[in-house]
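Take a look at the structure set out below.
The values are calculated or read from the model by the stated rules, or taken from the named source; none is laboratory data. Note that this is a predicted model, so its numbers are computed, not measured. Heavy atoms of the whole protein, side chains included, go into the accessibility calculation; ligands, DNA and RNA do not. Shrake-Rupley method; radii C 1.70, N 1.55, O 1.52, S 1.80 Å.
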Amino acid sequence: MSSIRSLLNLFIVPVSLFLFTGCGITGGTSAKKVALNPAISGATLSRSVQIGAVSARAGAGVNKAIGAYNLGKFDESDLITLRESVRRSIPSGNPASASVHIIVQHFALTFTNNGGANLAIIDWCTADGSHILASERFYAAYYTGNKLIGTETLGMAKSRLLHAAAARIAERSLAAANNLPMPPGPPLTFDDPEPANATMPKTMSAAGAPGLAAVFVQQTMLGGLDDAVRLLPDSPIPPVDWSKQL
């Protein structure tokens, strides 16, 4: 009887683990209008900005699952979330003679069954026709801590990072189009990789599910129970030559 129970556990545990770790851990994100820095939202704007090309570098999404099913990799739906969040956040009452173009270069996600860490590298530029008004590469990072199941889903954590990125792009593209000083980066966004990476954990550990079969699944099929976290790319990503992109 015990061997039959163990066999049943072997099939039931993956499903229960998915339900335990995966309600929302499928990673779906949602667009929204984000609040902009008062220096921009309260300024008198003569020009708005329209959305231009929004793309992702091939292989931008990089996932590492530890003790959980490998879900939620950055994909086209997340790119739409970023695009739509920027679009909704840019005021539309003024003529949009400038455009903002975005490339997601890297979106790394490491998660367990109780926490998730995201780090993205994003390039953008604002241009008036072929004349580049401003451009930058920035970094966005967010770590849930060990609370993914209780208060946040994987998709909520990814959305938080994408909304922070959308706020930065909207604010700074509007500043460039209207000859305003660049506002400071919003929370979760960084000018350089080191400060972004410093907010991330060095290692992450999954909560062990009860039962030998569950431990077997986590150790052999779901990435083990703990591992090092590396979210920055292994090699530098070349800078964007926007004059060739536009």
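Heavy-atom accessible area with a 1.4 Å probe sorts TYR142, TYR69, largest first, into TYR69, TYR142.
To put it simply, the accessible area of region 46-244 at a 1.4 Å probe is 55 percent carbon and sulfur. Solvent exposure of HIS163, expressed as accessible area, is near 30 Å², computed with a probe of 1.4 Å over the protein chains only. Phi angles of region 129-141 translate, via the Karplus equation with coefficients 6.51, -1.76, 1.60 and θ = phi - 60°, into HN-Hα couplings of x, 9, 8, 7, 8, 6, 7, 6, 10, 9, 10, 10, 9 Hz per residue; Gly and Pro are given as x.
For LYS158, the aspartates and glutamates whose Cα comes closer than 13 Å to its Cα, not counting residues fewer than 8 places off in the same chain, are ASP75, ASP78.
On a per residue basis, region 46-244 carries 42 Å² of accessible surface, using protein heavy atoms and a 1.4 Å probe. Using a cut-off of 31 Å between Cα atoms, the listed pairs LYS73/LYS147; LYS202/LYS244; LYS32/LYS147 include LYS202/LYS244 as exceeding that distance.
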